[in-house]
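Asker: I am attaching a structure below and will ask some questions about it afterwards.
The values are calculated or read from the model by the stated rules, or taken from the named source; none is laboratory data. Source: prediction; values computed, not measured. Virtual Cβ from ideal backbone geometry, glycine too; neighbours counted across all protein chains shown. These area figures cover heavy atoms from the full protein model, side chains too; ligands, DNA and RNA do not enter into them. Shrake-Rupley method; radii C 1.70, N 1.55, O 1.52, S 1.80 Å.
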Amino acid sequence: MQKLLFLIVMFALQKTSAQSFLNLDIGNSILLRPNLGYEYRWKNKAIGGNIRWQRNVFVWISEWPSLPTVSGLNVDLIYRKLYRKHFFAETGTRFTRFEAPMTLYGWRIVSLYNSKNKVEPFVKIGLNTNRNKKLQLDFGIGLGSVFSNQSLELNMDEFQEVFVKLKPDEKIEDYFTKPKDIIISIAPHAQLRLFYRIRK
């Protein structure tokens, strides 16, 4: 009976020391990617997630940057370890799906099949300020490994040669096969998040 009472008390103490937060990734909001996150903290650990409505995406076509309008969603699932003096280490996975324009033009290059599905494990380190306050701010940097489906890049002349011959009922994708390969790349991560404590 004493052991059971001890476990109940310890569980209650753990629950009272836990905190819940809503958060906003400020940088992604500036880039027209509305987002909202939730984080649950206990002791020096935290788990959480962030959902982001993907309204645009940065694409490199050969050496030509493009920022097309897209529709999509990405979700971050994270685990954080909080250290003294405001430091934290974070690991997580980002799942992304967005629909982009079929055809994007670069410098002498045309990119087809630009919609993406991505899986991106990542790690970050950073600083968390005002940890005992209701309103908190943190900044983190890190790297992710991106696994995504591949676009098809064509020489502009090759693309135009086919395009001018299209019949009214034909589409450009009828002539070019969608790549099936998975590409792997490295992506930098930088975040500035605002946290608001909703439960202590």
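Asker: Within segment 59-78, list the residues whose amide N lies under 18 Å from a label point set 7 Å along Cα→Cβ of Glu153.
Answerer: From segment 59-78, the list is 59-68.
Asker: So for each of 105-115, 146-156 I average, over its residues, the number of other beta carbons within 10 Å; can you give me the resulting order with the highest mean first?
Answerer: 105-115, 146-156
Asker: If the reach is capped at under 30 angstrom between alpha carbons, list the lysines near Lys85, excluding any in the same chain fewer than eight residues apart.
Answerer: Lys15, Lys43, Lys45, Lys124, Lys133, Lys134, Lys200
Asker: Right, something else. Given the options Leu166, Leu127, Pro68, identify the residue whose Cα lies farthest towards the positive end of the charge dipole of the chain (+1 on Cβ of Lys, Arg; -1 on Cβ of Asp, Glu).
Answerer: Ranked along the dipole, the leading option is Leu127.
Asker: Springs between alpha-carbon pairs under 10 angstrom, Gaussian network model over the chain: which of Thr177, Thr91, Thr129 fluctuates most?
Answerer: Thr177
Asker: Related question: Enter the Cα centre distance for the pair segment 53-114 and segment 119-164, rounded to the nearest angstrom.
Answerer: 4 Å
Asker: Go ahead and run the numbers for FRET between Ser29 and Leu67, Cβ-Cβ distance against an R0 of 25 Å, rounding to 0.05.
Answerer: So, using R0 = 25 Å, E works out to roughly 0.95.
Asker: Roughly how many percent of the accessible protein surface of the chain is carbon and sulfur, given a 1.4 Å probe and a whole-percent answer?
Answerer: Roughly 65 percent of what the probe reaches on the chain is carbon or sulfur.
Asker: Scale the Cα Rg of segment 82-138 by the rule-of-thumb value 2.2 N^0.38 Å and send over the ratio, two decimals.
Answerer: Compared with the compact-globule rule of thumb, segment 82-138 sits at 1.87.
Asker: To the nearest 10 square angstrom, how much accessible area does Phe122 have with a 1.4 angstrom probe?
Answerer: Near enough 10 Å² of accessible area.
Asker: With the chain treated as a Gaussian network of Cα nodes joined by springs under 10 Å, which of Ile141, Ile183, Ile51 yields the largest mean-square fluctuation?
Answerer: Its mean-square fluctuation being the largest, the pick is Ile183.
Asker: Right, next: How much mean residue ellipticity at 222 nm does the chain get from its helices, if each DSSP H run of length 4 or more adds -39500 (n - 2.57) and you divide by all residues, to the nearest 500 deg cm²/dmol?
Answerer: Mean residue ellipticity at 222 nm (helix-derived): -4000 deg cm²/dmol.
Asker: Calculate the all-directions average of the projected area of segment 108-187's alpha-carbon convex hull, and give it in nm².
Answerer: 9.0 nm²
Asker: Right, something else. For segment 44-200, what is Rg from Cα atoms divided by 2.2 N^0.38 Å, rounded to two decimals?
Answerer: That works out to 1.35 for segment 44-200.
Asker: Still on this structure, I have one more. Give me, ordered by chain and number, the residues 5 or more places off Gln150 or on other chains with an amide H under 5 Å from its own placed amide H.
Answerer: Sorted by chain and number, the residues that satisfy this are Asp181, Ile183.
Asker: Next up: For the chain, what is the accessible area per residue in Å², given a 1.4 Å probe and the full set of protein chains? Write down the numbers at each step before the final one.
Answerer: Working: 12710 Å² over 200 residues.
It amounts to 64 Å² per residue over the chain.
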